[in-house]
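Here's the structure, in structure tokens; my notes come after.
Any read-out appearing in this document is the output of simple, stated calculations on the displayed coordinates, not a laboratory observation. Being a predicted model, the structure only gives us computed values, none of them experimental.
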Amino acid sequence: MSCRYKIIAHNHKLDTTKPENDYKVYELYKKYKAKVLKAEGTFFRPSSIQPNKAVQSFKQLLSCANYLYDSVADYVDDYCRDNPETYPSAVRRELASIIFPELKLMGGGSVRCSYLERAVEALTERVVQQEECLVPNDIPMLNFDDEHFPY
């Protein structure tokens, strides 16, 4: 928890050991920030940018993001090729949630893993599972004579 969150929690006498208070503190932070931003000339620095090397740190951040995106995109492509009934956007979201649980995307990494585990259990009970999925390019083409088609 950052210093500003600790200050807000302390001033509002919120117990930071209780997870339900995290959201309250965040909402209070957003409220205070919105009030401050109404004043002319105010600015909130993104915590990811080094104040004394703003351009350099921003370019480096973009470079890191670009590299990570390309790497993840390659893995997503491989995964979707091996699992053709999946959607790339859903795979990216799941990976982001698992890799960065602190962001609490869709509930956070452990919540998402638990959800995915339950989903896998349900699917294995309800759907016949294949050992190897056939990729569309691996399916043999059948030759039919035109006279077999009624149209």
*Full extension from Ser114 to Lys35: what is 0.36 nm times the residue separation minus their Cα-Cα distance, to one decimal in nm?*
24.6 nm
*Taking every Cα atom in region 1-44, find the radius of gyration and the maximum pairwise distance Dmax, and write them in Å.*
11.5, 36
*Pairs to check: Lys30/Lys104; Lys6/Lys31; Lys53/Lys104; Lys6/Lys35. Give those whose C-alpha atoms are more than 21 Å from each other in this structure.*
Lys53/Lys104
